[in-house]
Amino acid sequence: MIGSGRCGTTLFRRLMQAQGNTYIPPENWALGRCIRQYHKYGWLMKWKDMVDLQVGTLSHRSHHWFEGPPRDLVHSLHALDDEERSLAALINAEYMYHAKLKGRAPQRWGDNSPGNVFHAEAISEVFPDARFVHLLRDGVDVVASWLKYPPLKEDLEGAAGKWEWSVRLARQFMEKHPEKVIEVRYEDLVHDPEKELQSICEFLDHAFDPEKIESKEPIDSMDDVTGREQHEKVTRSISTDSVGKGRRKLENLQKRKVDELIGEMLVEVGYDPVSI
């Protein structure tokens, strides 16, 4: 998944995991870094040292992926034969290992860190068959949501800039690789989740069961979500309550600033202008 953050990736994670056969762990903010490290140091590091570096990076930057050192994962990667050693094999082993920790045995895995938008090309090179879902949300709502939580709390310019930059990068990647990306609007997803999810599953060549849309079963394994205020709505039934919230809640001075910063981009991607 790629996007700006505060655009519905966690809800989408819940919906996809409910469909079965796919596991999406907590955001790890490390996938792009791990790819860069491999390309930068892989030519001079021994395989075992690279494994230690990559698993250590993931352990450090992820949202409590591992409660303790994943020694059995490391040992299994150390023992790979030369012809089996690759960056794709290393990353795949990490994600499938985390799925096993949560009692899952999926056929595929995903990553819902919105920051993947900054590394989409690199991820695509490592996994040529990967498919990307760009979750697009009204920038006014995204800004209003970011203003309540770190790291952009009360930073309107930073929040607006991040939304615009993320959307531009996602759309550039989509223009270059139209066969690899589907764009989904958050507003459409919550208004008609069955229609949107069916379309997404067709794009991903994934089985679709409309009866599972409101399933809360995946939440039991989403321990990074439960108890966190910014993800509290993910545990509820799908709702349109947050659509247009930024336009309703932001003060006029804030709206003027948002219009100044991203007004043109909002219209460019199909959202209404900011009205004061």
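The values are calculated or read from the model by the stated rules, or taken from the named source; none is laboratory data. The structure displayed is predicted, hence computed values, not measured ones. With ideal geometry, Cβ positions are generated from the backbone for all residues, glycine too; neighbour counts draw on all protein chains shown.
For (1) outside any helix (DSSP H, G or I); (2) surrounded by 20 or more Cβ atoms within 10 Å (Cβ to Cβ); (3) among the aromatic types (F, W, Y), each residue gets a yes or a no:
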| site | (1), (2), (3) |
| --- | --- |
| H134 | yes, yes, no |
| V140 | no, yes, no |
| E154 | yes, no, no |
| G158 | no, no, no |
| G161 | no, no, no |
| W165 | no, no, yes |
| L169 | no, no, no |
| M174 | no, no, no |
| E183 | yes, no, no |
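Could you list all residues from the stretch 213-240 that are among the charged types (D, E, K, R) and at pLDDT 95 or above? Break it down into steps so the answer makes sense when it comes.
First, the residues of the stretch 213-240 that are among the charged types (D, E, K, R): 214, 216-217, 220, 223-224, 228-229, 232-233, 236.
Result: no residue meets the conditions.
Inside the stretch 255-268, residues that are surrounded by 19 or more Cβ atoms within 10 Å (Cβ to Cβ) and touching a helix residue (DSSP H, G or I) at 6+ places or on another chain (Cβ under 6 Å) make up a count of 4.
For (1) among the hydrophobic types (A, V, I, L, M, F, W, C); (2) closer than 30 Å to E214 by Cβ, each residue gets a yes or a no:
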{"site": "M16", "(1), (2)": "yes, yes"}
{"site": "P25", "(1), (2)": "no, yes"}
{"site": "H39", "(1), (2)": "no, no"}
{"site": "H64", "(1), (2)": "no, yes"}
{"site": "A88", "(1), (2)": "yes, no"}
{"site": "R104", "(1), (2)": "no, yes"}
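For the stretch 75-127, a residue qualifies if it is closer than 20 Å to A30 by Cα, of a type in the set (S, T, N, Q) and either part of a loop (DSSP other than H, G, I, E, B) or touching a helix residue (DSSP H, G or I) at 6+ places or on another chain (Cβ under 9 Å) (or both), and the qualifying residues are S86, N112, S113, N116, S124. Picking from residues in the stretch 202-216 that are surrounded by 15 or more Cβ atoms within 10 Å (Cβ to Cβ) and not aliphatic (A, V, I, L, M), the one that is nearest to V181 (Cα to Cα) is F203. Residues that are surrounded by 15 or more Cβ atoms within 10 Å (Cβ to Cβ), aliphatic (A, V, I, L, M), more than 16 Å from T9 (Cα to Cα) and touching a helix residue (DSSP H, G or I) at 6+ places or on another chain (Cβ under 7 Å) do occur in the stretch 243-252, at least one of them. N28 satisfies every condition listed in (1) touching a Phe, Trp or Tyr at 6+ places or on another chain (Cβ under 7 Å); (2) part of a helix (DSSP H, G or I) except (2).
Can you find a residue in the stretch 91-112 that is under 30 Å from V269 (Cα atoms) and of a type in the set (D, E)? Yes - at least one qualifying residue is present in the stretch 91-112.
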